[in-house]
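Written below as structure tokens is the structure these notes are about.
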Amino acid sequence: VAVLMGTVSMIIFAAVLMMMRNQLGAMFSEDQEVITLTSFAVPTLAMSLIGEGANTVLAGVLRGCGRQKIGATINLVMYWGLGLPFSCFLAFRMGMGAMGLWTGLACTASLQSMYLSYVVFK
């Protein structure tokens, strides 16, 4: 139930971000290039938030069960071992720039969510 609630709340937040994606950049900058890049990156950010909602709840379950070392190890391996290299590959080798960084983050969050689900529910 908690995982579902965390995921649904992030889906709602992601939907709000999507609805405001053209205004978001303008809240922080008057530079048209920044505003355009922000509106282009928000859909990928929104997708990463959905995985992060489940990750937060599942990591909390592991901490509550006294298995925080497992959660920390998974987080370390996923983000530093897989996510950062994959994000850099997409951003610099594939020429995706900032979108590569966000896409790598979204993929990592989804993968971590699946793996944490496996560990918690097995």
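Values as computed for the structure displayed
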| read-out | value |
| --- | --- |
| Qualifying position, being free of Cβ contacts under 8 Å to residues at least 24 places away in the same chain, touching a Phe, Trp or Tyr at 6+ places or on another chain (Cβ under 9 Å) and of a type in the set (A, V, I, L, M), among 16, 34 | 34 |
| Conditions (1) modelled with pLDDT under 95; (2) over 20 Å from residue 4 (Cα atoms); (3) of a type in the set (A, V, I, L, M, F, W, C); number of the one not met by residue 106 | (2) |
| Residues satisfying the stated conditions in the stretch 39-81, i.e. free of Cβ contacts under 8 Å to residues at least 12 places away in the same chain and buried (at least 19 other Cβ atoms within 10 Å of the Cβ) | none |
| Scan of the stretch 25-38 for residues that are more than 18 Å from residue 91 (Cβ to Cβ) and either surrounded by 17 or more Cβ atoms within 10 Å (Cβ to Cβ) or touching a Cys at 6+ places or on another chain (Cβ under 9 Å) (or both), ordered by number | 25, 35 |
| Unmet criterion (only one of (1) touching a Phe, Trp or Tyr at 6+ places or on another chain (Cβ under 8 Å); (2) over 25 Å from residue 1 (Cα atoms); (3) not hydroxyl-bearing (Ser, Thr, Tyr)) for residue 95 | (1) |
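The values are calculated or read from the model by the stated rules, or taken from the named source; none is laboratory data. None of these values were measured; they are calculated from a predicted model. We place every Cβ from the backbone using ideal geometry, glycine too, and count neighbours over all the protein chains shown.
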